[in-house]
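Participant: The structure that follows is given in the form of structure tokens.
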Amino acid sequence: MVKIAIVYYSMYGHIKTLVEAEKRGIEKAGGTGDVFQIPETLSDEVLAKMSAPSKPADITVLEDPSLAGVFISTASLGGGQESTALAAMSTLAHHGIIYVPFGYAKAFAQLTDLSEVHGGSPWGAGTFAGPDGSRQPTARELEVAEIQGAEFYKTALKHFG
Ligand SMILES: Cc1cc2nc3c(=O)[nH]c(=O)nc-3n(C[C@H](O)[C@H](O)[C@H](O)COP(=O)(O)O)c2cc1C
């Protein structure tokens, strides 16, 4: 049995919606995913100025991570769907956390389809929040997040099960 931790930070809720899809994917693959949030670093005053809603009180704050995948929400197409994942690598390295890339193999059709706007890359699932945060993750983006969750679980099971 492998325990999967889905670790996230979400200021406005987009990433949290992707978290729920990743969890569904893990569960479809036969696993379980426990959701953790990282501690807030901003003051209540700053959060209020950014119109940030309260954090969920029922999701545990993470203490000791070891295996990670990444998924991303940006405002726009050039906002960092891939570069955010690259930037995350140094943080993972500094904390000694193993990175599991998503890859193309399990979602090639979804990732390369240009018939609709969608986030996501071989680095991990993704969504676009839009300039005002009003856009929500699409069915395609949630499908990719579910596939990533399932594949992450299988990788963890293979190496740590
Ligand atoms: C401090 C800050 C920096 C941001 N930088 C970028 C950015 O460089 N590129 C981009 O596309 N979106 C950027 N955004 C928009 C966020 O990606 C967007 O608010 C986020 O996807 C919303 O996710 P959430 O609802 O889970 O908090 C930024 C937002 C904040 C608050």
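Participant: Given only helices, namely DSSP H runs of n ≥ 4 each adding -39500 (n - 2.57), what is the per-residue ellipticity at 222 nm of the chain, to the nearest 500 deg cm²/dmol?
Facilitator: Values: 5 runs with 60 residues, N = 161.
So the calculated ellipticity at 222 nm is -11500 deg cm²/dmol.
Participant: Starting from the Kirkwood Rh over alpha-carbon pairs, what translational D in µm² s⁻¹ does region 4-160 have by Stokes-Einstein at 25 °C and 0.890 mPa s?
Facilitator: Working: Rh = 16.0 Å.
Calculated translational D: 153 µm²/s.
Participant: Mind scanning LYS106/LYS158; LYS106/LYS154; LYS28/LYS55; LYS3/LYS154; LYS3/LYS55; LYS28/LYS154 and naming the pairs with a C-alpha gap bigger than 21 Å? Walk me through the numbers before you get to the answer.
Facilitator: On the way: LYS106/LYS158 16 Å; LYS106/LYS154 12 Å; LYS28/LYS55 27 Å; LYS3/LYS154 11 Å; LYS3/LYS55 24 Å; LYS28/LYS154 11 Å.
Table pairs above 21 Å Cα-Cα are LYS28/LYS55; LYS3/LYS55.
Participant: Compute the FRET efficiency between ALA48 and LYS158 as 1/(1 + (r/R0)^6), taking r as their Cβ-Cβ distance and R0 = 35 Å, and round to the nearest 0.05. Please report the intermediate quantities before stating the final value.
Facilitator: Numbers: r = 45 Å, r/R0 = 1.29.
According to the calculation, E is roughly 0.20.
Participant: Would you kindly state how much longer the chain becomes between PHE108 and PHE36 on full extension, computed as 0.36 nm times their sequence separation minus their alpha carbon distance, in nm to one decimal? Can you show the working numbers first?
Facilitator: Numbers: separation 72, 0.36 × 72 = 25.92 nm, distance 2.88 nm.
Contour length minus the Cα-Cα distance gives 23.0 nm.
No value in this document is a laboratory result; all are computed from the given coordinates. All values reported here derive from a predicted model rather than from experimental measurement. As a convention, Cβ positions derive from the backbone with ideal geometry for all residues, glycine included, and neighbour counts pool all protein chains shown.
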